[in-house]
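Read the structure below first, then the notes.
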Amino acid sequence: MGESEFVPSVAVSVREFDPTKDIEKVEAVERICEVGPSGKLSLFTDLHGDPICRVRNSPTFLMLIAEIGQETVGMIRGCIKTVTCGKKLHRQGKNNTEPKQVPIYTKLAYILGLRVSPHHRRMGIGMKLVKKMEEWFRDNGAEYAYMATEKDNVASVKLFTDKCGYSKFRTPCILANPVFSHPARISHKVTIIELSPSDAEILYRSKFSTTEFFPRDVDSVLRNKLSLGTFLAVPKGLYRADTWPGSTRFLEGPPPCSWALVSVWNCKDVFTLEVKGASRVKKTLAKTTRVLDRAFPWLRLPSVPNFFEPFGFHFLYGLGGEGPQAQKMIRALCGFAHNLARDRGCEVVATEVSSQEPLRCAIPHWKMLSCEEDLWCIKRLGEDYSDGSLGDWTKSPPGFSIFVDPREV
(Lines give C-alpha, C1' and ligand atoms only; values in the text may rest on other atoms or scores of the structure.)
Protein backbone atom coordinates (compact mmCIF):
# COMPACT_ATOMS: atom_id res chain seq x y z
CA MET A 1 0.00 0.00 0.00
CA GLY A 2 1.09 3.57 -0.45
CA GLU A 3 2.17 5.90 -3.21
CA SER A 4 5.35 7.77 -3.99
CA GLU A 5 5.03 11.51 -4.66
CA PHE A 6 2.15 13.92 -4.99
CA VAL A 7 1.20 15.58 -8.27
CA PRO A 8 -1.85 17.71 -8.98
CA SER A 9 -4.96 15.68 -9.75
CA VAL A 10 -8.61 15.99 -10.60
CA ALA A 11 -11.17 16.20 -7.81
CA VAL A 12 -11.22 13.08 -5.64
CA SER A 13 -14.18 12.38 -3.37
CA VAL A 14 -14.09 10.01 -0.38
CA ARG A 15 -17.19 8.36 1.08
CA GLU A 16 -18.24 5.34 3.10
CA PHE A 17 -18.33 1.98 1.35
CA ASP A 18 -21.85 0.91 0.33
CA PRO A 19 -22.15 -2.90 0.09
CA THR A 20 -25.28 -2.60 -2.06
CA LYS A 21 -23.44 -0.97 -4.98
CA ASP A 22 -19.67 -0.88 -4.44
CA ILE A 23 -18.59 -4.53 -4.17
CA GLU A 24 -17.84 -5.15 -7.85
CA LYS A 25 -15.94 -1.86 -8.24
CA VAL A 26 -13.87 -2.52 -5.10
CA GLU A 27 -13.05 -6.06 -6.22
CA ALA A 28 -11.86 -4.71 -9.58
CA VAL A 29 -9.43 -2.35 -7.85
CA GLU A 30 -8.24 -5.16 -5.55
CA ARG A 31 -7.52 -7.39 -8.55
CA ILE A 32 -5.56 -4.77 -10.46
CA CYS A 33 -3.54 -3.89 -7.34
CA GLU A 34 -2.53 -7.53 -6.82
CA VAL A 35 -1.04 -8.11 -10.27
CA GLY A 36 2.45 -9.31 -9.48
CA PRO A 37 5.67 -8.73 -11.43
CA SER A 38 6.15 -10.91 -14.47
CA GLY A 39 8.11 -14.09 -13.82
CA LYS A 40 7.95 -13.78 -10.03
CA LEU A 41 5.82 -15.43 -7.37
CA SER A 42 2.98 -13.27 -6.06
CA LEU A 43 0.45 -13.84 -3.30
CA PHE A 44 -3.19 -13.10 -4.12
CA THR A 45 -6.07 -12.73 -1.66
CA ASP A 46 -9.67 -13.79 -2.24
CA LEU A 47 -12.01 -11.97 0.17
CA HIS A 48 -14.93 -14.23 -0.81
CA GLY A 49 -17.02 -11.30 -2.00
CA ASP A 50 -16.84 -9.47 1.34
CA PRO A 51 -14.49 -6.44 1.13
CA ILE A 52 -14.85 -5.70 4.86
CA CYS A 53 -14.25 -9.28 6.02
CA ARG A 54 -10.89 -8.39 7.62
CA VAL A 55 -12.45 -5.81 9.96
CA ARG A 56 -16.00 -7.15 10.28
CA ASN A 57 -15.30 -8.88 13.61
CA SER A 58 -13.82 -5.79 15.25
CA PRO A 59 -15.90 -3.79 17.79
CA THR A 60 -16.05 -0.70 15.54
CA PHE A 61 -15.04 -0.56 11.89
CA LEU A 62 -15.32 1.48 8.71
CA MET A 63 -14.41 1.20 5.05
CA LEU A 64 -13.95 4.24 2.82
CA ILE A 65 -13.65 4.43 -0.96
CA ALA A 66 -12.14 7.14 -3.15
CA GLU A 67 -13.79 8.10 -6.42
CA ILE A 68 -13.04 10.27 -9.43
CA GLY A 69 -16.42 10.87 -10.93
CA GLN A 70 -18.13 7.48 -10.90
CA GLU A 71 -14.88 5.50 -10.97
CA THR A 72 -13.61 3.82 -7.79
CA VAL A 73 -9.86 4.47 -7.56
CA GLY A 74 -8.97 3.49 -3.99
CA MET A 75 -10.13 2.19 -0.64
CA ILE A 76 -9.09 1.90 3.00
CA ARG A 77 -10.32 -0.04 6.04
CA GLY A 78 -10.07 0.90 9.68
CA CYS A 79 -11.19 -0.40 13.06
CA ILE A 80 -11.05 0.70 16.70
CA LYS A 81 -10.70 -1.24 19.94
CA THR A 82 -9.37 -0.82 23.48
CA VAL A 83 -6.00 -2.44 24.17
CA THR A 84 -3.22 -2.55 26.74
CA CYS A 85 -0.54 0.06 26.08
CA GLY A 86 1.43 -0.28 29.33
CA LYS A 87 1.21 -1.35 32.95
CA LYS A 88 1.44 0.14 36.42
CA LEU A 89 1.65 -0.99 40.02
CA HIS A 90 -1.62 -1.01 41.93
CA ARG A 91 -2.29 -1.74 45.61
CA GLN A 92 -5.59 -3.46 46.32
CA GLY A 93 -6.93 -2.22 49.64
CA LYS A 94 -5.21 -0.43 52.50
CA ASN A 95 -3.70 -3.58 54.02
CA ASN A 96 -2.32 -4.97 50.79
CA THR A 97 1.45 -4.56 50.99
CA GLU A 98 2.25 -6.30 47.71
CA PRO A 99 1.33 -4.17 44.68
CA LYS A 100 0.05 -5.90 41.58
CA GLN A 101 0.82 -5.09 37.95
CA VAL A 102 -2.36 -3.92 36.21
CA PRO A 103 -2.85 -2.87 32.58
CA ILE A 104 -3.11 0.66 31.26
CA TYR A 105 -5.65 0.77 28.46
CA THR A 106 -5.99 3.05 25.46
CA LYS A 107 -8.36 3.32 22.51
CA LEU A 108 -6.37 2.19 19.49
CA ALA A 109 -7.24 2.44 15.80
CA TYR A 110 -5.83 0.22 13.07
CA ILE A 111 -5.47 1.00 9.36
CA LEU A 112 -5.40 -1.84 6.87
CA GLY A 113 -6.27 -2.69 3.29
CA LEU A 114 -5.22 0.65 1.76
CA ARG A 115 -5.34 0.30 -2.02
CA VAL A 116 -4.93 2.83 -4.82
CA SER A 117 -5.43 1.89 -8.46
CA PRO A 118 -2.08 1.77 -10.31
CA HIS A 119 -3.57 4.12 -12.93
CA HIS A 120 -4.25 6.80 -10.30
CA ARG A 121 -1.15 6.80 -8.11
CA ARG A 122 1.02 9.85 -7.36
CA MET A 123 -2.17 11.91 -7.06
CA GLY A 124 -2.39 12.11 -3.26
CA ILE A 125 -5.29 9.65 -3.09
CA GLY A 126 -3.64 7.39 -0.52
CA MET A 127 -2.91 10.30 1.80
CA LYS A 128 -6.44 11.63 1.41
CA LEU A 129 -7.89 8.25 2.38
CA VAL A 130 -5.64 8.05 5.43
CA LYS A 131 -6.57 11.57 6.57
CA LYS A 132 -10.29 10.88 6.19
CA MET A 133 -9.96 7.65 8.14
CA GLU A 134 -8.05 9.46 10.90
CA GLU A 135 -10.89 11.97 11.15
CA TRP A 136 -13.27 9.09 11.83
CA PHE A 137 -10.81 7.65 14.39
CA ARG A 138 -10.72 10.95 16.30
CA ASP A 139 -14.49 11.37 16.16
CA ASN A 140 -14.78 7.95 17.81
CA GLY A 141 -12.29 8.70 20.58
CA ALA A 142 -9.22 6.83 19.35
CA GLU A 143 -6.00 8.05 20.99
CA TYR A 144 -3.55 6.26 18.69
CA ALA A 145 -3.56 4.77 15.19
CA TYR A 146 -1.20 2.17 13.78
CA MET A 147 -0.63 0.23 10.58
CA ALA A 148 1.41 -2.80 9.54
CA THR A 149 3.43 -3.33 6.39
CA GLU A 150 6.50 -5.12 5.11
CA LYS A 151 9.66 -3.22 6.00
CA ASP A 152 10.78 -3.24 2.36
CA ASN A 153 7.49 -1.74 1.11
CA VAL A 154 9.16 1.61 0.52
CA ALA A 155 6.09 3.38 -0.91
CA SER A 156 3.93 2.43 2.08
CA VAL A 157 6.57 3.31 4.66
CA LYS A 158 7.22 6.68 3.03
CA LEU A 159 3.53 7.55 2.81
CA PHE A 160 2.92 6.90 6.50
CA THR A 161 6.20 8.08 8.03
CA ASP A 162 7.08 10.99 5.71
CA LYS A 163 3.63 12.37 4.89
CA CYS A 164 1.17 11.17 7.53
CA GLY A 165 3.23 11.59 10.70
CA TYR A 166 3.63 7.96 11.75
CA SER A 167 6.77 6.63 13.39
CA LYS A 168 8.29 3.15 13.24
CA PHE A 169 7.19 1.38 16.38
CA ARG A 170 7.45 -2.42 16.54
CA THR A 171 8.99 -5.12 14.31
CA PRO A 172 7.19 -8.40 15.04
CA CYS A 173 7.82 -11.65 13.20
CA ILE A 174 5.26 -13.52 11.09
CA LEU A 175 6.05 -17.23 11.38
CA ALA A 176 4.33 -19.63 8.97
CA ASN A 177 4.60 -23.40 8.75
CA PRO A 178 3.17 -25.67 6.04
CA VAL A 179 0.64 -28.36 6.88
CA PHE A 180 2.01 -31.71 5.80
CA SER A 181 0.09 -34.78 4.66
CA HIS A 182 1.42 -36.72 7.66
CA PRO A 183 0.35 -35.84 11.21
CA ALA A 184 2.78 -34.04 13.49
CA ARG A 185 4.15 -35.92 16.47
CA ILE A 186 3.16 -34.67 19.91
CA SER A 187 5.26 -35.53 22.94
CA HIS A 188 3.66 -38.24 25.08
CA LYS A 189 4.99 -36.37 28.12
CA VAL A 190 2.60 -33.48 27.50
CA THR A 191 -1.15 -33.31 28.15
CA ILE A 192 -3.21 -30.88 26.07
CA ILE A 193 -6.52 -29.67 27.51
CA GLU A 194 -9.13 -27.71 25.58
CA LEU A 195 -10.46 -24.83 27.69
CA SER A 196 -13.93 -23.37 27.61
CA PRO A 197 -14.12 -19.71 26.51
CA SER A 198 -14.80 -18.65 30.12
CA ASP A 199 -11.81 -20.62 31.44
CA ALA A 200 -9.64 -19.23 28.65
CA GLU A 201 -10.72 -15.69 29.47
CA ILE A 202 -9.83 -16.11 33.16
CA LEU A 203 -6.37 -17.41 32.28
CA TYR A 204 -5.69 -14.75 29.67
CA ARG A 205 -6.78 -11.88 31.90
CA SER A 206 -4.68 -13.21 34.78
CA LYS A 207 -1.50 -13.92 32.82
CA PHE A 208 -1.63 -11.77 29.68
CA SER A 209 -3.62 -8.60 30.41
CA THR A 210 -0.48 -6.47 30.84
CA THR A 211 0.92 -7.65 27.50
CA GLU A 212 1.12 -4.89 24.90
CA PHE A 213 -1.86 -4.79 22.49
CA PHE A 214 -3.92 -7.17 24.68
CA PRO A 215 -7.60 -6.53 23.73
CA ARG A 216 -9.82 -5.49 26.60
CA ASP A 217 -12.69 -7.38 24.97
CA VAL A 218 -10.73 -10.63 24.79
CA ASP A 219 -13.93 -12.43 25.79
CA SER A 220 -15.49 -11.38 22.46
CA VAL A 221 -12.47 -12.77 20.61
CA LEU A 222 -12.59 -16.12 22.42
CA ARG A 223 -16.34 -16.50 21.87
CA ASN A 224 -16.24 -15.58 18.20
CA LYS A 225 -17.33 -18.40 15.88
CA LEU A 226 -13.96 -18.14 14.08
CA SER A 227 -12.06 -19.01 17.27
CA LEU A 228 -11.68 -22.78 17.14
CA GLY A 229 -10.60 -23.16 20.75
CA THR A 230 -8.00 -22.42 23.40
CA PHE A 231 -5.58 -25.17 24.39
CA LEU A 232 -3.45 -25.54 27.51
CA ALA A 233 -0.36 -27.78 27.59
CA VAL A 234 0.89 -29.14 30.94
CA PRO A 235 3.25 -31.97 31.94
CA LYS A 236 1.61 -35.37 31.70
CA GLY A 237 0.14 -36.63 34.95
CA LEU A 238 -0.70 -33.20 36.31
CA TYR A 239 -4.23 -33.08 34.89
CA ARG A 240 -6.44 -34.99 32.53
CA ALA A 241 -9.14 -33.46 30.38
CA ASP A 242 -11.80 -35.04 32.63
CA THR A 243 -10.13 -33.87 35.86
CA TRP A 244 -9.36 -30.27 34.85
CA PRO A 245 -10.33 -28.17 37.89
CA GLY A 246 -10.94 -24.95 35.96
CA SER A 247 -8.74 -21.88 35.50
CA THR A 248 -9.64 -20.29 38.85
CA ARG A 249 -8.42 -23.29 40.86
CA PHE A 250 -5.48 -23.71 38.48
CA LEU A 251 -4.36 -20.17 39.30
CA GLU A 252 -5.05 -20.45 43.04
CA GLY A 253 -3.22 -23.75 43.51
CA PRO A 254 0.50 -24.44 43.32
CA PRO A 255 1.57 -23.59 39.76
CA PRO A 256 2.86 -26.40 37.52
CA CYS A 257 6.57 -26.33 36.79
CA SER A 258 5.75 -25.44 33.16
CA TRP A 259 2.72 -24.70 31.04
CA ALA A 260 1.81 -23.06 27.73
CA LEU A 261 -1.32 -21.70 26.11
CA VAL A 262 -2.51 -20.98 22.56
CA SER A 263 -5.76 -20.18 20.77
CA VAL A 264 -6.59 -20.99 17.15
CA TRP A 265 -8.41 -18.69 14.72
CA ASN A 266 -9.96 -19.95 11.48
CA CYS A 267 -8.90 -17.50 8.75
CA LYS A 268 -9.97 -19.97 6.06
CA ASP A 269 -13.62 -19.00 6.49
CA VAL A 270 -12.76 -15.29 6.10
CA PHE A 271 -10.45 -15.25 3.07
CA THR A 272 -8.17 -17.54 1.09
CA LEU A 273 -4.76 -17.05 -0.50
CA GLU A 274 -3.19 -18.22 -3.73
CA VAL A 275 0.36 -18.11 -5.08
CA LYS A 276 0.59 -17.18 -8.75
CA GLY A 277 3.51 -16.91 -11.11
CA ALA A 278 5.08 -20.32 -10.36
CA SER A 279 6.61 -22.23 -13.24
CA ARG A 280 5.34 -25.64 -14.27
CA VAL A 281 8.57 -27.17 -12.95
CA LYS A 282 8.03 -25.70 -9.47
CA LYS A 283 4.43 -26.87 -9.40
CA THR A 284 5.47 -30.37 -10.44
CA LEU A 285 8.21 -30.57 -7.80
CA ALA A 286 5.79 -29.39 -5.10
CA LYS A 287 3.20 -31.96 -6.18
CA THR A 288 5.83 -34.70 -6.09
CA THR A 289 6.64 -33.93 -2.45
CA ARG A 290 2.95 -34.25 -1.56
CA VAL A 291 2.60 -37.55 -3.41
CA LEU A 292 5.61 -38.99 -1.57
CA ASP A 293 4.35 -37.69 1.79
CA ARG A 294 0.94 -39.32 1.29
CA ALA A 295 2.44 -42.57 0.02
CA PHE A 296 5.01 -42.92 2.81
CA PRO A 297 3.61 -41.04 5.84
CA TRP A 298 5.82 -42.99 8.27
CA LEU A 299 8.87 -41.33 6.71
CA ARG A 300 7.48 -37.94 7.81
CA LEU A 301 8.81 -36.21 4.72
CA PRO A 302 8.34 -32.44 4.58
CA SER A 303 6.04 -31.63 1.67
CA VAL A 304 5.07 -28.41 -0.07
CA PRO A 305 1.29 -27.83 0.13
CA ASN A 306 -0.67 -26.83 -2.95
CA PHE A 307 -0.24 -23.07 -2.71
CA PHE A 308 -1.06 -22.70 -6.41
CA GLU A 309 -4.80 -23.02 -5.86
CA PRO A 310 -6.84 -21.08 -3.27
CA PHE A 311 -5.89 -22.26 0.22
CA GLY A 312 -6.80 -21.39 3.78
CA PHE A 313 -4.82 -21.14 6.99
CA HIS A 314 -5.20 -21.10 10.75
CA PHE A 315 -3.74 -18.32 12.88
CA LEU A 316 -2.34 -18.98 16.37
CA TYR A 317 -2.94 -16.15 18.84
CA GLY A 318 -2.52 -15.61 22.57
CA LEU A 319 0.58 -17.78 22.55
CA GLY A 320 2.56 -17.83 25.78
CA GLY A 321 3.72 -19.88 28.74
CA GLU A 322 5.86 -20.14 31.83
CA GLY A 323 8.47 -22.46 33.27
CA PRO A 324 11.68 -24.19 32.20
CA GLN A 325 9.79 -26.54 29.85
CA ALA A 326 7.55 -23.87 28.31
CA GLN A 327 9.25 -24.27 24.94
CA LYS A 328 8.51 -27.99 24.99
CA MET A 329 4.87 -27.22 25.76
CA ILE A 330 4.74 -24.72 22.88
CA ARG A 331 6.14 -27.31 20.46
CA ALA A 332 3.43 -29.75 21.55
CA LEU A 333 0.74 -27.11 21.04
CA CYS A 334 2.10 -26.24 17.60
CA GLY A 335 2.01 -29.94 16.68
CA PHE A 336 -1.57 -30.12 17.92
CA ALA A 337 -2.47 -27.02 15.89
CA HIS A 338 -0.83 -28.55 12.80
CA ASN A 339 -2.98 -31.65 13.10
CA LEU A 340 -6.11 -29.57 13.66
CA ALA A 341 -5.38 -27.59 10.49
CA ARG A 342 -4.68 -30.83 8.61
CA ASP A 343 -8.02 -32.28 9.66
CA ARG A 344 -9.83 -29.09 8.60
CA GLY A 345 -8.21 -28.86 5.15
CA CYS A 346 -5.84 -25.94 5.73
CA GLU A 347 -2.44 -25.65 4.09
CA VAL A 348 -0.65 -23.33 6.54
CA VAL A 349 -0.48 -22.54 10.25
CA ALA A 350 0.80 -19.04 11.03
CA THR A 351 1.35 -16.77 13.99
CA GLU A 352 2.86 -13.37 14.75
CA VAL A 353 5.05 -12.69 17.77
CA SER A 354 7.37 -10.02 19.09
CA SER A 355 10.90 -10.13 17.74
CA GLN A 356 11.98 -10.47 21.38
CA GLU A 357 9.49 -13.22 22.28
CA PRO A 358 11.32 -15.79 24.48
CA LEU A 359 9.26 -18.67 23.05
CA ARG A 360 9.82 -17.72 19.44
CA CYS A 361 12.51 -20.34 18.82
CA ALA A 362 10.07 -23.12 19.78
CA ILE A 363 7.58 -22.22 17.05
CA PRO A 364 8.14 -24.39 13.93
CA HIS A 365 8.18 -22.40 10.71
CA TRP A 366 9.62 -22.30 7.22
CA LYS A 367 11.76 -19.24 6.60
CA MET A 368 10.63 -19.03 2.96
CA LEU A 369 7.01 -18.65 4.14
CA SER A 370 7.72 -16.30 7.03
CA CYS A 371 8.47 -12.62 7.48
CA GLU A 372 11.26 -12.21 10.00
CA GLU A 373 10.65 -8.48 10.40
CA ASP A 374 7.20 -7.02 9.84
CA LEU A 375 6.90 -3.28 10.52
CA TRP A 376 4.26 -1.56 12.64
CA CYS A 377 4.06 2.24 12.53
CA ILE A 378 2.11 4.31 15.05
CA LYS A 379 0.79 7.85 15.45
CA ARG A 380 -0.64 9.75 18.39
CA LEU A 381 -4.02 11.18 17.42
CA GLY A 382 -4.78 13.29 20.48
CA GLU A 383 -3.05 15.32 23.15
CA ASP A 384 -4.73 13.52 26.05
CA TYR A 385 -3.29 10.16 27.11
CA SER A 386 -5.17 7.28 28.65
CA ASP A 387 -2.94 7.36 31.74
CA GLY A 388 -0.41 9.92 32.90
CA SER A 389 1.93 7.26 34.27
CA LEU A 390 2.52 5.97 30.74
CA GLY A 391 2.92 9.21 28.84
CA ASP A 392 3.29 8.97 25.08
CA TRP A 393 2.98 5.32 24.01
CA THR A 394 4.72 6.03 20.71
CA LYS A 395 7.97 6.63 22.61
CA SER A 396 7.80 3.54 24.86
CA PRO A 397 10.37 0.75 24.46
CA PRO A 398 9.17 -2.65 23.18
CA GLY A 399 8.36 -5.43 25.62
CA PHE A 400 9.22 -9.09 25.29
CA SER A 401 5.75 -10.05 24.03
CA ILE A 402 2.80 -8.65 22.11
CA PHE A 403 -0.75 -9.89 21.76
CA VAL A 404 -1.79 -10.00 18.10
CA ASP A 405 -5.55 -9.75 17.70
CA PRO A 406 -6.69 -12.37 15.15
CA ARG A 407 -9.60 -10.17 14.08
CA GLU A 408 -7.07 -7.95 12.28
CA VAL A 409 -5.10 -10.65 10.48
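A few notes on this one:
- Area of Cys257 that stays accessible when all protein chains are in place (1.4 Å probe, Å², to 10): 80 Å²
- In order along segment 326-331, the phi-based Karplus estimate (6.51 cos²θ - 1.76 cosθ + 1.60, θ = phi - 60°) of 3J(HN,Hα) comes to 4, 5, 4, 5, 5, 4 Hz; Gly and Pro are listed as x.
- Taking the Cα centre of segment 47-122 as reference, the dipole from Cβ charges on Lys and Arg (+1) and Asp and Glu (-1) amounts to some 500 debye.
- Phi to ³J(HN,Hα) by Karplus 6.51 cos²θ - 1.76 cosθ + 1.60 over segment 344-356, Hz, x for Gly, Pro: 9, x, 8, 9, 9, 10, 10, 8, 9, 9, 4, 5, 9
- Two-site label geometry, Lys287 and Val154: point separation in nm, points 7 Å out along Cα→Cβ: 3.9 nm
- Nearest-0.05 FRET efficiency for Lys100 and Glu373, computed from C-beta distance (R0 45 Å): 0.85
- Proximity of backbone amide H atoms, modeled 1.01 Å from N, is registered between Val179 and Val348, Val349 at under 5 Å, excluding neighbours fewer than 5 places apart on the same chain.
- Only beta bridges with both residues in the chain are counted; by DSSP, about 90 percent of them are antiparallel.
- Pairs of C-alpha atoms in the chain farther apart than 37 Å represent 27 percent of all such pairs.
- Amide proton proximity set for Ile402, modelled H, under 5 Å, gap of 5+: Ser354
- Largest GNM mean-square fluctuation across Val275, Val130, Val262, computed for the chain with C-alpha springs under 10 Å, falls on Val275.
- log10 of Debye I(q)/I(0), alpha-carbon scatterers only, for segment 37-166 at 0.12, 0.20, 0.22 Å⁻¹: -0.59, -1.27, -1.42
- Per-pair calculated FRET efficiency, R0 = 35 Å: Glu194 and Leu299 via Cβ, rounded to 0.05: 0.70
- Above-threshold pairs, the threshold being 27 Å between Cα atoms, out of Lys189/Lys268; Lys107/Lys163; Lys151/Lys287; Lys87/Lys225; Lys40/Lys131; Lys132/Lys268: Lys189/Lys268; Lys151/Lys287; Lys87/Lys225; Lys40/Lys131; Lys132/Lys268
- Maximal additional length on extending the Ser42-Ser187 stretch stands at 48.5 nm, based on 0.36 nm per residue less the C-alpha distance.
- Other-chain or far-sequence residues with amide H under 5 Å of Thr82's (modelled H): Leu108, Arg216, Asp217
- Prolate/oblate/rounded call for segment 95-202, Cα gyration tensor, a/c under 1.5 rounded: oblate
- Stretch gain in nm, segment Ser13-Lys236, where the contour uses 0.36 nm per residue and the Cα spacing is subtracted: 74.1 nm
- Alpha carbon centroid spacing (whole Å) that separates segment 238-314 from segment 205-225: 23 Å
- Full-extension gain in nm, Asp217 to Glu71, via 0.36 nm per residue minus C-alpha separation: 48.7 nm
- Basic side chains Lys and Arg get +1 at the Cβ, acidic Asp and Glu get -1 at the Cβ, and with that the dipole of the chain about its Cα centre reaches some 1040 debye.
- Sites Ile23 and Thr60 - FRET efficiency at Förster radius 25 Å, r taken between beta-carbons, to 0.05: 0.70
- Label sites at Asp392 and Lys276, each approximated as a point 7 angstrom past Cα along Cα to Cβ, lie 4.3 nm apart.
- Among Lys282, Lys151, Lys132, residue whose mean-square fluctuation peaks in a GNM of the chain (springs only between Cα atoms under 10 Å): Lys282
- Alpha-carbon centroid distance for the pair segment 185-201 / segment 16-84, whole angstrom: 36 Å
- Using the Cβ of Leu273 as centre and a radius below 14 Å, the other residues enclosed give a net charge of -4, where K and R count +1 and D and E count -1.
- 3J(HN,Hα) from dihedral phi, segment 304-315, Karplus parametrisation 6.51/-1.76/1.60, rounded to Hz, x for glycine, proline: 8, x, 7, 7, 8, 10, x, 9, x, 8, 9, 10
- Choice from Trp366, Trp244, Trp298 showing the highest fluctuation, given a GNM over the chain with Cα pairs closer than 10 Å: Trp298
- Three-way shape call for segment 171-371 based on the alpha-carbon gyration tensor, with the a/c threshold at 1.5: prolate
- Distance from the alpha carbon centroid of segment 331-369 to that of segment 115-168 works out to 30 angstrom.
The values are calculated or read from the model by the stated rules, or taken from the named source; none is laboratory data. Since we're looking at a predicted model, the values are computed, not measured. Using ideal geometry, Cβ is built from the backbone for each residue, glycine included, and neighbour counts are taken over all protein chains shown. Areas reflect the complete protein model, heavy atoms only, side chains present, ligands, DNA and RNA absent. Shrake-Rupley method; radii C 1.70, N 1.55, O 1.52, S 1.80 Å.
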